[in-house]
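**Student:** Here's a structure for you.
The values are calculated or read from the model by the stated rules, or taken from the named source; none is laboratory data. These figures come from a predicted structure and were not determined experimentally. Using ideal geometry, Cβ is built from the backbone for each residue, glycine included, and neighbour counts are taken over all protein chains shown. With ligands, DNA and RNA removed, areas are computed over all heavy atoms of the protein, side chains included. Shrake-Rupley method; radii C 1.70, N 1.55, O 1.52, S 1.80 Å.
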Amino acid sequence: MKIQLGTVGVERIEERLGLGFQPHELFPAFESHMLEPLRHQMEPTFYDATENRFRTSIHSWLLRTPNCIVLIDTCVGNHKQRPQVPRFHMCDTPWLSRLAEAGIQPEDVDYVMCTHLHCDHVGWNTRLSNGKWVPTFPNARYLFGRKEFDRWDARRADYQHRHINDHVFNDSILPVVEAGQMMLVDDGYELDGVLTVEPAPGHTAGHVCIRVASGGKRAYCSGDIFHHPLQIHHPQLYTGFDDDPDGGVRTRLRLLSACADENAILLPAHFAEPHACFVRRSGSGYVADFGGFDVPNQLGGDTHTIDSGVIS
Ligand SMILES: [Zn+2]
């Protein structure tokens with residue numbers, strides 16, 4: 001999919017698309033009554049009822065700003081040791097070929113930005129070369145949020161271990177540091193006059209959101225503030241991987257409000273087709289609006305008006 005936001009071109013680079021977690025696996029507080037009234041919107045693209053599993057995506061956002069080629073989030077990557085997450089273990093996907101199909105070679109990338117440093121957002125930061133992990137993008141600056149880098153710096157005495165991120169710092173972050181290509185940025189950092197780093201803590205301590213603003217249009221590359229469209233209707237749904245579930249709820253509500261007020265496009269990291277949406281207010285809550293995007297099935301068209309009634 002491609003979107004033009006003023007002077008900024010937005011394109012999705014897919015790593016994988018398919019069935020993922022069961023609802024209660026992803027969201028510990030999930031209850032079936034949350035999904036039931038939304039099944040007409042969620043099936044079959046976002047939820048497979050036969051398997052009782054969510055359908056999700058792992059992708060990067062490729063942004064062409066007036067002067068730069070920017071990649072946001074770099075998926076799982078190939079050949080990474082991830083025994084803790086079997087479907088991420090020793091992958092071999094054609095993500096680089098898909099980037100080439102979009103007209104971009106690794107040396108063309110000027111900036112890599114990671115919303116956070118979980119294993120499915122930093123994988124293609126590096127690739128294996130003669131048995132060594134090296135930066136995939138030789139000419140890029142890799143911009144990491146300072147708080148997020150500190151949170152995952154396994155060399156620190158106060159490092160908080162998370163099994164899901166085992167090996168990630170050493171094979172996908174440290175080689176970038178050692179190559180001198182990392183640049184730590186603080187909240188509010190601006191790139192090329194059209195991208196701004198905004199704080200979005202909760203899922204991880206230093207998670208950031210990248211705001212795109214150009215020509216009066218806005219979008220938010222929201223990383224894992226949302227994993228699934230159900231969280232637009234039910235923002236209180238946290239994941240078992242969140243560092244701070246309550247903080248994540250506050251961040252979700254803040255971004256929902258911003259998207260609705262600004263008519264901004266939400267560009268999450270894991271939504272299945274059409275991979276992006278608008279957010280509308282409905283009653284005391286919010287609903288996902290996929291109208292205007294290229295929807296491959298019956299989901300398309302109108303603004304959905306189901307009142308989640310979950311925000312007081
Ligand atoms: Zn993720």
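**Student:** Which residue is farthest from the ligand (Cβ to nearest atom), if the candidates are limited to segment 80-103 and must be in contact with a strand residue (DSSP E or B) (Cβ under 6 Å, 6 or more places away or on another chain) and open to solvent by less than 10 Å² (accessible area, probe 1.4 Å)?
**Tutor:** Filtering first and then ranking leaves Leu99.
**Student:** A follow-up question, please. Which is closer than 27 Å to Glu148 by Cα, away from the ligand (no atom under 16 Å from the Cβ) and basic (Lys, Arg), of Arg64, Arg39?
**Tutor:** Going through Arg64, Arg39 in turn, the sole match is Arg64.
**Student:** For segment 190-202, enumerate the residues that are open to solvent by less than 10 Å² (accessible area, probe 1.4 Å) and in contact with a His (Cβ under 9 Å, 6 or more places away or on another chain).
**Tutor:** Residue satisfying the conditions is Ala200 alone.
**Student:** Sticking with this structure for a sec: Restricting to segment 242-295, count the residues that are small (Gly, Ala, Ser) and part of a loop (DSSP other than H, G, I, E, B).
**Tutor:** Adding up the residues that qualify gives 8.
**Student:** While we're looking at this one, here's another question. I'd like to know if segment 149-172 contains one or more residues that are among the β-branched types (Val, Ile, Thr) and more than 16 Å from the ligand (Cβ to nearest atom).
**Tutor:** Among the residues of segment 149-172, not one is among the β-branched types (Val, Ile, Thr) and more than 16 Å from the ligand (Cβ to nearest atom), which makes the answer no.
**Student:** Considering segment 154-169 alone, what residues qualify as being open to solvent by less than 50 Å² (accessible area, probe 1.4 Å) and either without any contact (Cβ under 8 Å) to a residue 40 or more places away in the chain or not in a helix (DSSP H, G or I) (or both)?
**Tutor:** Across segment 154-169, the qualifying residues are Ala154, Asp166.
Residue by residue, here is whether (1) surrounded by 17 or more Cβ atoms within 10 Å (Cβ to Cβ); (2) in contact with a strand residue (DSSP E or B) (Cβ under 9 Å, 6 or more places away or on another chain); (3) within 21 Å of His116 (Cβ to Cβ) holds:
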| position | (1), (2), (3) |
| --- | --- |
| Val208 | yes, yes, yes |
| Tyr220 | yes, yes, yes |
| His234 | yes, yes, no |
| Leu255 | yes, yes, yes |
| Gly285 | yes, no, no |
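**Student:** Can you tell me which residues in segment 106-145 are surrounded by 19 or more Cβ atoms within 10 Å (Cβ to Cβ) and polar (S, T, N, Q)?
**Tutor:** Thr115, Asn125, Thr126, Thr136 - these are the residues of segment 106-145 that are surrounded by 19 or more Cβ atoms within 10 Å (Cβ to Cβ) and polar (S, T, N, Q).
**Student:** Can you pull out the residues in segment 18-60 that are touching a strand residue (DSSP E or B) at 6+ places or on another chain (Cβ under 8 Å) and open to solvent by 60 Å² or more (accessible area, probe 1.4 Å)?
**Tutor:** Once the filter is applied, which keeps residues that are touching a strand residue (DSSP E or B) at 6+ places or on another chain (Cβ under 8 Å) and open to solvent by 60 Å² or more (accessible area, probe 1.4 Å), segment 18-60 yields Leu19, Phe21, Arg39, Pro44, Glu51, Arg53.
**Student:** Of (1) within 16 Å of the ligand (Cβ to nearest atom); (2) surrounded by fewer than 24 Cβ atoms within 10 Å (Cβ to Cβ), His228 satisfies all except one. Which?
**Tutor:** (2)
**Student:** Kindly provide the set of residues from segment 204-222 that are part of a strand (DSSP E or B) and farther than 22 Å from Thr7 by Cα, ordered by number.
**Tutor:** If the condition is that a residue be part of a strand (DSSP E or B) and farther than 22 Å from Thr7 by Cα, then Val208 is the only one that fits.
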